[in-house]
Amino acid sequence: MAFDNLSEKLQNIFKNLRSKGKLTEDDVKSALKEVKIALLEADVNFKVVKQFIKTVQERAIGQDVMNGLNPGQMVIKIVNEEMIALMGSETTEIALKKGGDLTVIMMAGLQGAGKTTTTAKIAGKLKQKGKKTLLCACDVYRPAAIDQLKINGEKQGVEVFSMGDKKNPVDIAKAAVLHAKKNGFQVLIIDTAGRLHIDEEMMEELSAIKSAVDVSQTVLVVDSMTGQDAVNVASMFEDKIGIDGVILTKLDGDTRGGAALSIRAVTGKPILYVGMGEKLSDLEQFYPDRMASRILGMGDVLTMIEKAQEAIDEEEARKLEQKMKKAEFDFEDYLSSVTQMKKMGGLSSILGMMPGMGGMKIPEIDEGEAEKGMKRTESIIFSMTPQERRNPSLLNPSRKRRIADGAGVDIAEVNRLVKQFEQARKMMKQFPGMMGGKRGKRGKFTLPF
Amino acid sequence: MSEEKKSFFGRLVAGLTKTRDNIVSGIDSIFSGFSSIDDDFYEEIEEILIMGDLGVKATEEILDSLKVKVKEEKIKEPSACRQLLIDSIKEQMQTEELAYRFEEETSVVLMIGVNGVGKTTTVGKLAGKLKADGKRVVIAAADTFRAAAGEQLLEWANRAGVEMIGGQEGADPASVIFDAVASAKSKGADVLLCDTAGRLHNKKNLMEELKKINRVIDREYPGAYRETLVVLDSTTGQNALSQARQFKEAAEITGIVLTKMDGTAKGGIAVAIQSELKIPVKYIGVGEKIEDLQKFSADEFVDALFRTEEDV
């Protein structure tokens, strides 16, 4: 599917523009027009977009264009910075009370946001940290909601307190607190029923729970696919009940997740975690910078660059580049580049961070197969002697047979690898510019936007 | 017919009150607040449509068609644009004739969608409606993944008074469907309603599982009329388009069910979907009760969005 990438669009607009000095009003406005559409398509609330664009515009006009960037890139840089600032510059976690005091966490949200699943996921996280955690089933409305929490709690090895679906949620919560205190629990998480933010009676119930037991953290669970209405939902929950943080669920889909920005802008509350999958362990830290580039449709390019810089030894990278340029790249080098890739989290995680590849395109590539293939290649190379690795021309049929036996593969596969390798070497020879050698900027990734 | 129509309107309008407050009051203030048709006027309309989750593309198309009409009919007064805007939205929503043929035939209705949109609830409500219409209904609980999903559906089946075929948690959903088809056939059921596990549309193996379910139904129940409904949460934004598109690749989608229309979400995604994908919305959910699942009519939906209090 054609995914109109914002950075591509901007690159087209500014293709012919290489103005040196300051950002002009025209530069900024034409870039921001595209940014605006990108944000709206990502479901950022219209009003938030308007305000945001205004802020960026004010900041951007008259700014110096940094060396090596074109005006469009400069605007994106500012947009990105502003977005990260808006989403909170550091990651936060659920605040727990110090010492042995019981921390009561209440989960709230619309139907289907993923409260029950998330409740169990948090419990798992807290358990890992050594906190004795109790779950409390207060969704007495949805059929089988209590069973769902019980089953998930059991999977996490966390106790679930429930009194069936005939009791009042406020009474259940009170009883759960007593039970927790009596049995030395440190954290109590109350799972509540999904409710509409305009359902006064149901919202009243949450306030009642909150005032009946000493809730110290109220967490709003929001589906990351939520549209323009996210601001209404968040501000109503904030006004009526008061929230301390937000958890965004279902971010493993291909949604751009503009709701994150909207909610943050409207409530000012931190986003604590993001739900990244169906398994109970798939609850991750929230990174404002990653979210910003995702909303802008630029993948996690920034994160990737960061990771790459951490993983790749500068010196090694420099040597590798030299070799590539001279087409002296050998199997040893191949191995070390694979190792570096693994340090970055493997092929699937790198693909996931690429712009336009976020979520959607990975299954098509089938990373499982690709990684299996890489493993086989690796085992073939491991079966070579160091001399063979450094000098592939040594590989005669009998050596190849030995390698095939050693790696447990067919000799045809060894042949294929050697052939591919030689082709790659030829290609490197033909395109020295491709390796970034022209301008002599070595070991550096150029930003793809 | 008129009875049903009234109740459709009554419920829809009641369910959409908040929506209407947002869209209509906004729109009406534009029509009365502007003295001439200019860029600002169009920009205001754009804002209101986008705030209604209609999306950038559908909004642009609606505005373009509105502008053409204004020019052709030489309209100068903003107030005269109201009806033109209604017409433009209706035109955008045109799809093939709405069909509820599955109600008349021996049929299998497959309910699919991402997690948490309300598939199980919709299956329960639809079972209740069909049962009330005198149909023999069997429900298949093929969501064997989510903890306690089967129990949730059983509760709905009991409320509706219909039979449910289920499987163990973790069982192969296709095998549940296989059993359900056998049961539906032996009992001479009119409609087999299949609930499936929520799946994110970008997860390859889950979409494969869906194809497998389809193959089982095709093979075991070749004579049955097939209806495949994608359930979408009306609070979902533009990602709903992506969901519908990708489900369309894995299965032959015959319609959309839009749930949770009783919130403040505008449900404008219905416009976007019909406009861009030409898949008809067939049902909307406007509340928690069995009768809160309503058949959908695009024209009436748009009318309801623009209807003022006095009209009701």
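The values are calculated or read from the model by the stated rules, or taken from the named source; none is laboratory data. Only a predicted model underlies this, so the values are computations on that prediction, with no experimental measurement involved. Quick reminder, even Gly has a Cβ in these numbers, built from the backbone with ideal geometry, and neighbours come from all protein chains shown.
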field: Residues located in the stretch A:219-232, provided they are within 18 Å of A:Thr116 (Cα to Cα) and either among the acidic types (Asp, Glu) or assigned to a loop (DSSP other than H, G, I, E, B) (or both)
entry: A:Asp223, A:Ser224, A:Met225
message: Condition check: within 13 Å of chain B (Cβ to nearest Cβ), touching a strand residue (DSSP E or B) at 6+ places or on another chain (Cβ under 9 Å), at pLDDT 95 or above and not in a loop (DSSP other than H, G, I, E, B). Does A:Ala175 satisfy that?
response: no
- prompt: If the Cβ limit is 8 Å and pairs must be 6+ apart or interchain, which residue in the stretch A:19-40 that is of a type in the set (Lys, Arg) pairs with which residue that is buried (at least 16 other Cβ atoms within 10 Å of the Cβ) and in a helix (DSSP H, G or I)?
  reply: A:Lys29/A:Gln57; A:Lys36/A:Val49; A:Lys36/A:Ile53
query: Looking at the stretch A:223-248, which of the residues that are β-branched (Val, Ile, Thr) and facing another protein chain (nearest Cβ under 10 Å) is farthest from A:Met202 (Cα to Cα)?
result: A:Thr226
query: Would you call A:Asp199 surrounded by fewer than 24 Cβ atoms within 10 Å (Cβ to Cβ) and over 19 Å from A:Ala120 (Cα atoms)?
result: yes
query: Is there a residue being touching a residue at least 60 places away in the same chain (Cβ under 8 Å), within 11 Å of chain B (Cβ to nearest Cβ), on the phi < 0 side of the Ramachandran plot and within 16 Å of the chain's Cα centre (by Cα) anywhere in the stretch A:263-277?
result: yes
message: I'd like to verify a number: residues in the stretch A:33-47 that are within 17 Å of A:Arg294 (Cα to Cα) and surrounded by 19 or more Cβ atoms within 10 Å (Cβ to Cβ), how many?
response: 10
task: Please give the number of the condition B:Phe247 fails out of (1) within 22 Å of A:Ala230 (Cα to Cα); (2) modelled with pLDDT of 90 or more.
output: (1)
- request: May I ask you to verify whether B:Gly166 is under 25 Å from the mean Cα position of the chain (by Cα) and either basic (Lys, Arg) or more than 9 Å from chain A (Cβ to nearest Cβ) (or both)?
  value: no
statement: Residues of the stretch B:185-221 being in a loop (DSSP other than H, G, I, E, B) and either more than 10 Å from every other protein chain (Cβ to nearest Cβ) or surrounded by fewer than 14 Cβ atoms within 10 Å (Cβ to Cβ) (or both), in sequence order, are B:Gly188, B:Ala189, B:Asp190, B:Tyr221
field: Selection within the stretch A:233-259 - outside any strand (DSSP E or B), touching a residue at least 12 places away in the same chain (Cβ under 8 Å) and within 18 Å of A:Met107 (Cα to Cα)
entry: A:Val233, A:Ala234, A:Ser235, A:Met236, A:Phe237, A:Glu238, A:Lys240, A:Ile241, A:Gly242, A:Ile243, A:Asp244, A:Lys250
query: Which of the residues that make up the stretch B:27-76 are among the basic types (Lys, Arg) and touching a residue at least 40 places away in the same chain (Cβ under 8 Å)?
result: B:Lys57, B:Lys76
statement: Within the stretch B:189-223, the residues that are small (Gly, Ala, Ser) and at pLDDT 95 or above are B:Ala189
query: Does any residue of the stretch A:111-119 turn out to be without any contact (Cβ under 8 Å) to a residue 60 or more places away in the chain and on the phi < 0 side of the Ramachandran plot?
result: no
query: Among A:Leu196, A:Leu206, which is the only one that is hydrophobic (A, V, I, L, M, F, W, C), part of a helix (DSSP H, G or I) and under 30 Å from B:Leu154 (Cα atoms)?
result: A:Leu206
- request: Identify the single condition in (1) without any contact (Cβ under 8 Å) to a residue 40 or more places away in the chain; (2) within 14 Å of chain B (Cβ to nearest Cβ) that A:Arg195 does not satisfy, given that it satisfies every other one.
  value: (1)
- prompt: Hey, any hits in the stretch A:126-144 for a residue that's touching a residue at least 60 places away in the same chain (Cβ under 8 Å), within 14 Å of chain B (Cβ to nearest Cβ), in a helix (DSSP H, G or I) and surrounded by 19 or more Cβ atoms within 10 Å (Cβ to Cβ)?
  reply: no
- prompt: Of the residues in the stretch A:36-82, how many are outside any helix (DSSP H, G or I) and either facing chain B (nearest Cβ under 9 Å) or under 29 Å from B:Gly237 (Cα atoms) (or both)?
  reply: 4
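Here's the yes/no breakdown for (1) closer than 17 Å to A:Ile84 by Cα; (2) of a type in the set (Asp, Glu):
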site: A:Asn232; (1), (2): no, no
site: A:Asp239; (1), (2): no, yes
site: A:Pro270; (1), (2): yes, no
site: A:Asp282; (1), (2): no, yes
Selection count where residues are touching a residue at least 12 places away in the same chain (Cβ under 8 Å) and out of contact with any helix residue (DSSP H, G or I) (no Cβ under 8 Å at 6 or more places or on another chain), scope the stretch A:220-232: 1
